[in-house]
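A short worksheet on the structure shown next.
The values are calculated or read from the model by the stated rules, or taken from the named source; none is laboratory data. On a predicted model such as this, the values are computed, not experimentally measured, just so you know. Here the Cβ is made from the backbone with ideal geometry for all residues, glycine too, and neighbour counts use every protein chain on show. Heavy atoms of the whole protein, side chains included, go into the accessibility calculation; ligands, DNA and RNA do not. Shrake-Rupley method; radii C 1.70, N 1.55, O 1.52, S 1.80 Å.
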Amino acid sequence: MKTRPDTLLGRLAVTARPPRPWLRIQASNWWTRVLLAGGAQGRPLNGADLRGADLRGANLTDANLTNANLTNANLTNANLHGADLTGAKLRGANLYCADLRGANLNRADLCGADLRGSNLTNAELYARLAGADLRGADLTGAELRGAFLTNANLHGADLTGAHLRSTDLRGADLTGANLYGADLTHSMFVDMTWSERTRWPDAVAALMRQRSLPIGGGRYRVQGSGADLSVLPAPVS
């Protein structure tokens with residue numbers, strides 16, 4: 001429906017869309033969720049309560065979301081490029097195809113989060129990602145040192161050049177994943193599954209075969225128990 005600018009409805013519409021994108025407002029947690037769902041850019045949002053918020057497609061570029069509670073939030077296709085999510089609670093959050101390039105997820109809790117198809121290129125992920133769904137995620141060059149990726153689904157994920165030193169990958173699914181050039185020094189792989197299509201760094205491929213047993217369908221499972229955590233040693237220089 002079109003409105004004329006000289007009518008009451010027209011004036012209200014103009015007021016609702018001020019020609020000042022830099023305008024900053026303060027709002028309650030409830031209104032924050034409403035405004036973000038409508039496309040508002042919220043900076044900063046540190047500590048905001050956004051549990052269960054519907055933020056599909058929201059523009060949160062460079063947003064300050066430190067310690068924000070985004071548990072079970074829907075961030076499908078959201079733009080979080082360069083966002084600071086340090087310490088954010090993202091358990092069960094839907095980050096399907098979200099843009100997380102260069103985002104800081106240091107100490108973020110992403111357990112059970114859906115990150116399928118997300119772009120996490122160069123993201124910092126000193127995070128809890130246990131059970132996270134990262135199928136097809138772009139983790140090229142991602143900072144994952146010391147991350148908890150136990151039982152995570154990394155089927156078809158691109159981990160080219162990722163920093164995975166001392167990462168816990170026990171029980172993870174790396175079927176068809178690309179780990180070419182990744183640093184896997186001191187990482188843990190017990191019960192991790194992989195396939196013929198999984199691409200390992202050249203120095204690791206033979207060792208992974210030695211430590212794995214076939215489980216059918218061109219897939220393998222890394223063996224180990226007790227004190228044997230199947231930790232890859234530091235490369236010999």
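Quick check on this structure: which one of 125, 134, 120, 144 is closer than 25 Å to residue 173 by Cβ and modelled with pLDDT of 90 or more?
134
One line per residue, one yes/no per condition, for (1) open to solvent by 20 Å² or more (accessible area, probe 1.4 Å); (2) touching a helix residue (DSSP H, G or I) at 6+ places or on another chain (Cβ under 7 Å); (3) farther than 26 Å from residue 121 by Cβ; (4) at pLDDT below 90:
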position	(1), (2), (3), (4)
6	yes, no, yes, yes
46	yes, no, no, yes
72	yes, no, no, no
78	no, no, no, no
93	no, no, no, no
98	no, no, no, no
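Looking at region 56-68, which of its residues are buried (at least 20 other Cβ atoms within 10 Å of the Cβ) and within 17 Å of residue 87 (Cβ to Cβ)?
Here is the first cut: in region 56-68, the residues buried (at least 20 other Cβ atoms within 10 Å of the Cβ) are 58, 60, 63, 65-66, 68.
Passing the criteria: 60, 63, 65, 66, 68.
Could you list, in sequence order, all residues of region 157-173 that are over 15 Å from the mean Cα position of the chain (by Cα) and within 19 Å of residue 195 (Cβ to Cβ)?
Correct list: 160, 169, 170, 171, 172, 173.
Report yes if some residue within region 150-158 is β-branched (Val, Ile, Thr) and surrounded by fewer than 21 Cβ atoms within 10 Å (Cβ to Cβ); otherwise report no.
Filtering region 150-158 for residues β-branched (Val, Ile, Thr) gives 150.
Okay, now just the ones that are also surrounded by fewer than 21 Cβ atoms within 10 Å (Cβ to Cβ), so none.
No: zero hits.
Hey, among the residues in region 195-223 that are in contact with a Ser or Thr (Cβ under 6 Å, 6 or more places away or on another chain) and open to solvent by less than 30 Å² (accessible area, probe 1.4 Å), which one's modelled with the lowest pLDDT? Lay out the reasoning, then the answer.
Going through region 195-223, the residues in contact with a Ser or Thr (Cβ under 6 Å, 6 or more places away or on another chain) turn out to be 195, 211, 218-222.
If we keep only those that are open to solvent by less than 30 Å² (accessible area, probe 1.4 Å) as well, we get 195, 222.
Details: 195: 98, 222: 92.
Per the criteria, the residue is 222.
Pairs needed: first member in region 84-102, more than 12 Å from residue 63 (Cβ to Cβ) and assigned to a strand (DSSP E or B); second member anywhere, among the hydroxyl-bearing types (Ser, Thr, Tyr) and at pLDDT 90 or above; C-beta distance under 6 Å; at least 6 residues apart or different chains.
Filtered contacts from region 84-102: 89/71; 94/76.
Just to be sure before I move on: is residue 181 open to solvent by 10 Å² or more (accessible area, probe 1.4 Å) and closer than 26 Å to residue 73 by Cα in the structure I sent?
On the way: open to solvent by 10 Å² or more (accessible area, probe 1.4 Å): yes; closer than 26 Å to residue 73 by Cα: no.
Spelling it out, it is not the case that residue 181 is open to solvent by 10 Å² or more (accessible area, probe 1.4 Å) and closer than 26 Å to residue 73 by Cα.
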